[in-house]
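Report on the structure given below.
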Amino acid sequence: MPATEPTLRTLSHFLSAPLHVGTPDVHGPLAVFPVFGPPPVAEYVAFADGCARGLLVKELDGGASVNDLVVLNPTDADVLLYEGEEVLGAQQNRTFDVSVLVGAGTSVRVPVSCVEHGRWDGSRHREAFAPAPQAAYPSLRRMKNRAAHARVAAGLEARAEQGAVWDEVAAKSARLDIASATGAMHDIYEGRRDRLRAFEAAIARRDGQTGALVATGGHLTVLDHVSRPDAFAALHCALVQGYALDALEAATDGAPPAELSLDEARAFVAELAGARVTQHDGIGIGRDARFTRAGASGAGLVAGDELVQLMAFAQEPGGPTPRARIRRPSRRRSAGRVGRPS
């Protein structure tokens, strides 16, 4: 029988202590609040570190599939694939549709989305993929998450909708005036890499940080969290590149400067902890956990009774998400509002 609402556990059940939100770094329309979690239990490494140890991502042996890849982990460490991470090479570039904890010495088949519509190079079928320097940008990840959530609710495997992904990447490329011979998301980042690096330089990673809460143009957009600070350290730059790509559009939309208080950011995370989750069989180690509630929706990965990974998307502008002016941290007032560089 399906679980009834009162019996569903909340996200807080899988956290031994609440998530803590710190003072943000701000660059232009982007504010990134560091998030700190309780001490980790599960032992694992991030995807990039796994690849350095010998993990491989490849096309399927029996014939390539646009929306599936195989991950081979011959190492002695469990490896976390984070939803939205991009891999480059082989027949075409892809992003992971869900987060997966791949056990040491195992292989798994994972659902992916193509983010390079104009290339399908069979001559590179046996080539291993390489981690990209960026993850998918939050607005694309939000769309993918909605599609995956709808499929899970219908009793299907969590996947994005491929046609919608291609359409979104093409639209992003057009909005940022980037030409790509193969319609590659990677080329959008390459075309704006200098500006993205300026954001990256301004968004510091704190010791012990396990996640980030992001506001773009004064609106909360996404929370990313993993249980291990060392895993988040490996993810930080790739995630910030994605946050920054969305911020480039917010910087040119003609909107007035916006602000968001630290208290509002903390209230969002505290409210999120009460979200009731449905749990489903996962890929690899752990269970897929999904939630939807007023103001936010998202997914996570639960191993044992620990929330190993969490992504949450705030309601888009026009909903109840707060909006206010961002000022420089040096101009913070006793009310706890945070700043925007002039």
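The values are calculated or read from the model by the stated rules, or taken from the named source; none is laboratory data. Since this is a predicted model, take the numbers as computed values, not measurements. Ideal geometry is used to build each Cβ from the backbone, glycine not excepted, and the neighbour counts take in all protein chains shown. The area values use the complete protein model at the heavy-atom level, side chains included, leaving out ligands, DNA and RNA. Shrake-Rupley method; radii C 1.70, N 1.55, O 1.52, S 1.80 Å.
Between Ala179 and Asp263, the modelled labels are 5.2 nm apart [label points 7 Å from Cα along Cα→Cβ].
Would you calculate the volume per residue, in Å³, of the smallest convex hull containing every Cα atom of region 113-257? Write out the running numbers ahead of the final one.
Working: hull volume 21.7 nm³, N = 145.
With only Cα atoms used, region 113-257 gives 150 Å³ per residue.
Binning all Cα-Cα separations of region 198-267 at 10 Å, short to long from zero, yields these whole-percent fractions: 18, 48, 29, 4. When the solvent-accessible area of the chain is split by element, carbon and sulfur atoms take up 51 percent of it, the probe being 1.4 Å. Give, as a single signed number, the net charge of other residues whose beta carbon lies under 13 Å from the beta carbon of Ala234, with Lys and Arg counted +1 and Asp and Glu -1. Local charge sum for Ala234: -1. Mean silhouette area of the chain, derived from the convex hull of its C-alpha atoms and averaged over all directions, reads 17.2 nm².
For region 43-76, the residues whose amide N sits under 18 Å from a probe point set 7 Å from the Cα of Arg126 along the beta carbon direction are 56-65, 70, 72. Semi-axis lengths, largest first, of the ellipsoid equivalent to region 72-196 are 24, 19, 14 Å, with √(5λ) applied to each eigenvalue of the Cα gyration tensor.
In this structure region 25-96 gives 31 Å² per residue of accessible area when probed at 1.4 Å with all protein chains present. Computed 3J(HN,Hα) for region 18-33, one whole-Hz value per residue from the Karplus formula 6.51 cos²θ - 1.76 cosθ + 1.60 where θ = phi - 60°, is x, 5, 10, 10, x, 5, x, 9, 10, 9, x, x, 9, 10, 10, 8, glycine and proline marked x. Peptides 115-124, 135-144, 185-194 ranked from most to least packed give 135-144, 185-194, 115-124, packing being the mean of other C-beta atoms within 10 angstrom over each peptide's residues. For the chain, what is the mean residue ellipticity at 222 nm derived from helices alone (per DSSP H run of n ≥ 4: -39500 (n - 2.57); sum divided by total residues; nearest 500 deg cm²/dmol)? Helices in the chain give a 222 nm mean residue ellipticity of -8000 deg cm²/dmol.
Could you compute the FRET efficiency for Leu60 and Thr292, with r as their C-beta to C-beta distance and R0 at 35 Å, rounded to 0.05? For R0 = 35 Å, the calculated efficiency reads 0.60.
Between the C-alpha center of region 122-143 and that of region 186-232 there is a gap of 17 Å.
DSSP assigns beta bridges within region 20-109; of those with both partners inside it, close to 90 percent run antiparallel. If you take every residue apart from Met143 with its C-beta less than 9 Å away from the C-beta of Met143, what net charge results, scoring Lys and Arg +1 and Asp and Glu -1? Neighbourhood net charge equals +2.
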